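Let me begin by presenting the structure, written as structure tokens, before commenting on it.
Nothing in this text is a laboratory measurement; each read-out follows from the coordinates by a stated rule. If you're wondering where the values come from, they're calculated on a predicted model, not measured in any experiment. Don't worry about glycine lacking a Cβ; one is built from the backbone with ideal geometry, like all the others, and counts go over all protein chains shown.
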Amino acid sequence: MFKCDHKFIATSVAALVLGSTPVFASSAKKNALDGGMTYSRDRGMYSVYNINEQDTKGMNHGRTPTANELKAWDTDIMPDGTGLPEGKGSVEEGDEIYEEQCGVCHGDFGAGGVGYPTLSGGSMDSLTNQRTAPGMDAPKRTIGTYWPQASTLIWYIRDAMPYAHPKSLSNDEIYALTAYLLAANEIKVDGKEMDDDFVLSKDNFSKIKMPNEDGFYPNINGKDGVENVRKFFKDGKNYGAVGKRCMKNCKDDNATVMRIGIEMKDVNPAYSTVRDLVPVDNSNAHPGKAGYEANCAVCHATDKMGAPALGSKSDWDKVMEKGTTKVMMNAINGVGSMPPKGGNSDLTEWQMQMIVDYMISNSK
Amino acid sequence: MTKISKASNTEIVQSTRRDFFRKTAAYSVSAIAATSILSADDENITHHSKWGTTLGDELNKNPYGLPSPYEHNNVRRTTPLLSSAGDMHAAISLTPLHEQEGIITPNGLFFTRTHNGVAQIDPNKFRFMIHGMIEKPIVLTLEDIKKYPSESVIHFLECPSNGAAEWKGPQFNSLQFVKGMMSCTEWTGVRLKTILDDLGVDPKAIWCLVEGQDGSEMSRTVPTEKIMDDAMLVYAMNGEALRAEQGYPLRLLLPGWEANLCVKWLKRLEFGDKPWYCKEETSKYTTLTASGKAIQHFYPLEVNSIITSPCPEKPWTSLKKGDMIEIQGLAWSGHGKIKLVDISFDGGKNWVEANLKGLVLPKSWTRFSYIYKYEGKPLLLASRAMDEIKNVQPTVNQEKKIIGVEGVYHRNSICTWEVKENGEVHNVQMRS
């Protein structure tokens with residue numbers, strides 16, 4: 001790669017394009033959709049890469065998918081309703097399924113609070129909030145205040161949730177959950193709020209009105225969608241490309257040094273640049289073992305305190321009759337004389353899950 | 001010849017994960033001590049080393065080679081802050097940029113973002129489909145894809161959330177956590193255009209859905225124009241199969257665009273005439289501005305740069321006044337090549353042009369370098385890159401004026417390190 005002095009960009013680019021003498025790069029143009037460069041593929045070069053320019057016409061591998069294969073995979077759900085499945089579900093049914101399968105992570109009514117994404121609450125007015133000083137409120141980006149389309153919700157729930165068992169919900173269940181979450185976000189259908197009996201299906205899906213539908217730019221809808229994107233990227237001011245190359249005595253709105261207030265130090269593994277040998281390799285240990293020993297062994301090593309003892313099959317068989325979710329919730333929220341999270345509120349939900357898994361799998 | 005005792009003099013310090021600032025500080029004291037007592041002999045020279053007096057390991061002890069055991073701190077790191085409830089299935093791990101040499105990230109250090117854990121795909125059962133508004137839909141196996149002519153290109157990938165924690169002010173005192181949501185690799189695969197040219201894409205199909213086959217079925221809408229320009233299906237990085245964390249066996253590569261668009265564990269492309277409104281292009285990966293409206297389909301990663309040496313992890317605490325030292329860093333742009341990089345020592349009032357070094361490739365990391373005489377005085381060290389389309393990194397204030405502080409994504413304003421009198425380096429921002 002030759003070095004092209006920026007002071008002579010104009011002349012060297014011209015030389016490149018005209019290039020009667022051997023060239024070392026194909027030509028480049030500032031005409032990409034995103035406002036950037038495209039690089040031509042000519043004279044055996046793509047930018048500075050050598051390429052094989054032989055014709056590949058007629059090179060066909062693979063095969064045609066069958067009708068059933070297409071049906072199995074072509075299941076996306078679009079804003080105009082394309083792809084909506086058969087089935088139906090009510091707000092009330094959704095409420096029940098939500099409590100069983102979603103609330104552990106997303107909180108009651110989708111209100112969050114347990115560290116996983118918040119699914120409801122906040123107001124559209126909050127979207128203009130700017131936390132320019134400590135203690136100010138954040139903009140609330142939830143389904144009701146932010147999501148432009150309801151199709152996204154039902155599609156995402158069907159493909160990606162519940163988190164640990166994606167694609168396990170029936171069509172009726174995804175309609176019910178979508179109805180429930182829309183109701184929890186006070187979304188209107190056909191101008192009316194949804195009550196518990198409201199039943200969502202393919203037939204009334206298009207009547208859902210998402211309040212923030214027009215909250216996004218550039219406009220990507222219609223046949224000019226891509227052209228609008230191109231126009232948006234043409235002007236750097238639209239997306240923050242406003243830097244100037246000043247070299248001396250540059251002004252910057254009275255900028256002063258802002259230092260770290262409260263440093264974020266919770267990183268894993270801990271920071272270190274030391275070059276030494278690690279004493280022992282713990283990589284095969286169960287991820288919940290260390291946490292168990294540090295937080296739970298005091299009470300759970302034996303059954304003396306009425307806690308199910310590690311290694312006791314009968315103790316744990318009895319515990320597990322309640323079902324994993326309930327047991328997890330008890331471990332997190334406390335039960336009887338078992339304190340919430342064993343008394344260590346710093347443990348994350350995830351760490352708790354690992355520890356309980358360690359206890360269960362060592363008591364079989 | 002003098003007989004020298006064979007006793008090993010290289011004591012191996014066992015790891016206690018002490019604060020690295022304290023360690024570096026301790027090292028620098030001993031370094032200064034070593035140079036000031038000029039007559040003292042270094043036992044590492046005057047005595048035989050342990051490794052020179054014992055038989056080494058069998059050469060193929062590790063059929064798949066491993067880094068030296070001394071390099072165990074050169075690893076990706078995570079933080080519960082950048083995750084849901086500390087859960088490491090929908091979270092991000094960051095590349096240790098302070099240990100990064102050159103412009104190629106080793107495969108084991110490539111940053112990783114997943115939305116439903118790392119899928120482990122059986123390559124024999126892997127299928128990939130192209131369908132929708134095209135004449136000839138197809139299903140390809142991995143072997144089929146590898147029958148097409150391959151190309152290898154060097155491109156960076158960056159999560160548009162890179163530096164997202166810093167919109168409201170500096171938070172992490174670490175290069176790894178300030179800019180480590182990116183890596184750069186030599187990718188190998190097939191240009192999508194090579195495959196698509198024979199399949200008859202409908203000219204009205206201006207959009208293409210790209211969807212993964214992991215638990216989250218990660219999907220995005222991409223303009224067909226990009227698919228037909230430099231988009232690739234890639235199955236290899238740095239000479240070997242993709243790592244599972246990077247989408248084994250197949251991912252999409254859209255050079256210069258959000259890594260989130262470069263869907264991993266790729267399942268299918270569907271051509272259509274309307275955008276899909278996927279979860280990751282509505283709820284997330286949209287940049288909320290101060291107006292309350294959000295930028296959507298914000299594809300390219302804009303011109304950016306960071307000084308990697310010195311940095312908080314690799315400070316100048318061992319330097320003496322008058323020492324000559326190289327300042328280095330990385331610059332990159334999703335819009336093309338890097339044209340030039342300037343460096344400031346006074347927080348952006350005055351700038352000098354640095355030198356680019358090594359390969360200068362489109363949409364790739366580019367190294368810059370500047371030789372500096374250290375004066376032992378406090379500095380506000382910053383870098384500012386300009387790319388091929390003449391975009392220049394904005395100041396924090398300039399970016400804030402247009403986007404606000406709640407945008408989350410696409411932060412590319414100038415980064416500043418404060419070098420203290422003792423050589424420590426801290427993450428700061430110049431803003432009003």
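Please give the helix B:20-36 orientation as an angle from the longest Cα principal axis of chain B, in degrees from 0 to 90, rounded to the nearest 10.
Approximately 40 degrees, to the nearest ten.
Could you tell me the distance between the Cα centroids of the stretch A:232-265 and the stretch B:242-256, to the nearest Å?
32
How much of the DSSP bridge set in the protein assembly as shown is antiparallel, in percent, rounded to the nearest 5?
90
Using only helices, what value at 222 nm comes out for chain B when you add -39,500 (n - 2.57) per DSSP H run of length 4 or more and divide by the total residues, to the nearest 500 deg cm²/dmol?
When only DSSP H runs of four or more count, the value is -3000 deg cm²/dmol.
Could you tell me, in Å, what Rg and Dmax come out for the Cα atoms of chain A?
Computed over the Cα atoms of chain A, radius of gyration and Dmax are 29.2, 90 Å.
Specify the inter-centroid distance of the stretch B:44-75 and the stretch B:378-432, based on alpha-carbon positions, in whole Å.
Here the answer is 40 Å between Cα centres.
Given the C-alpha atoms of the stretch A:289-361, compute the convex hull and give its volume per residue in Å³.
Taking only Cα atoms, the stretch A:289-361 has a hull volume of 80 Å³ per residue.
At each listed q (0.07, 0.08, 0.11 Å⁻¹), what is the log10 of I(q)/I(0) that the Debye formula gives for chain B modelled as equal alpha-carbon point scatterers?
For chain B at q = 0.07, 0.08, 0.11 Å⁻¹, log10 I(q)/I(0) is -0.40, -0.52, -0.92.
What is the percent of Cα-Cα separations in the protein assembly as shown that go past 45 Å?
Values: 95465 of 316410 pairs.
Every Cα pair in the protein assembly as shown considered, those over 45 Å come to 30 percent.
Please report, in debye to the nearest 20, how large the charge dipole of chain A is about its Cα centre when each Lys and Arg carries +1 at its beta carbon and each Asp and Glu carries -1 there.
Rounded to the nearest 20 debye, it is 2280 debye.
Please identify every one of the GluC sites (Glu not before Pro) in the stretch A:256-364 that sits in a loop by DSSP and has no more than 11 other beta carbons within 10 Å of its own beta carbon. List each step's numbers first, then the result.
Working: sites: A:Glu263, A:Glu293, A:Glu321, A:Glu349; in loops: A:Glu263, A:Glu321.
Qualifying residues, ordered by number: A:Glu321.
Per residue of the stretch A:189-196, what does 6.51 cos²θ - 1.76 cosθ + 1.60 with θ = phi - 60° give for ³J(HN,Hα)? Whole Hz please, x for Gly and Pro, Karplus curve as stated.
Karplus values, whole Hz, x for Gly and Pro: 10, 6, x, 10, 5, 8, 9, 4.
Evaluate the Kirkwood expression for the hydrodynamic radius of the stretch B:324-432, namely the inverse of the mean inverse distance over all pairs of different C-alpha atoms, and round to one decimal in Å.
14.7
Mind running the shape call on the stretch B:248-392? Use the C-alpha gyration tensor, a ≥ b ≥ c as the square roots of the eigenvalues: rounded below 1.5 for a/c, prolate if a/b tops b/c, oblate otherwise.
Working: a/c = 2.57, a/b = 2.16, b/c = 1.19.
Prolate.
With +1 on the Cβ of every Lys and Arg and -1 on the Cβ of every Asp and Glu, and nothing else charged, how large is the dipole of the stretch B:304-428 about its Cα centre, in debye rounded to the nearest 20?
220
May I ask you to list the trypsin sites (Lys or Arg not before Pro) in the stretch A:47-100 that are in a DSSP loop and have at most 16 other Cβ atoms within 10 Å of their Cβ?
Taking the stretch A:47-100 and a limit of 16 other Cβ atoms within 10 Å, the loop trypsin sites (Lys or Arg not before Pro) found are A:Lys57.
Which of the peptides A:147-154, A:181-188, A:307-314 is most tightly packed, and how do the rest follow, judged by the mean count of other Cβ atoms within 10 Å per residue?
For the peptides A:147-154, A:181-188, A:307-314, the packing ranking is A:147-154, A:181-188, A:307-314.
Measure off 7 Å from each Cα along the Cα-to-Cβ vector at A:Asp137 and B:Asn422, then give the distance between these two points in nanometres to one decimal.
Reported label-point gap for A:Asp137 and B:Asn422 is 4.4 nm.
Starting from the stretch A:44-133, pick out the GluC sites (Glu not before Pro) whose DSSP state is loop and whose Cβ has at most 12 other Cβ atoms within 10 Å.
On the way: sites: A:Glu53, A:Glu69, A:Glu86, A:Glu92, A:Glu93, A:Glu96, A:Glu99, A:Glu100; in loops: A:Glu53, A:Glu86.
Of the GluC sites (Glu not before Pro), the ones in loops of the stretch A:44-133 whose Cβ has at most 12 other Cβ atoms within 10 Å are A:Glu53, A:Glu86.
Round to a whole angstrom and tell me the spacing of the C-alpha centers of the stretch A:149-191 and the stretch A:297-351.
Here the answer is 32 Å between Cα centres.
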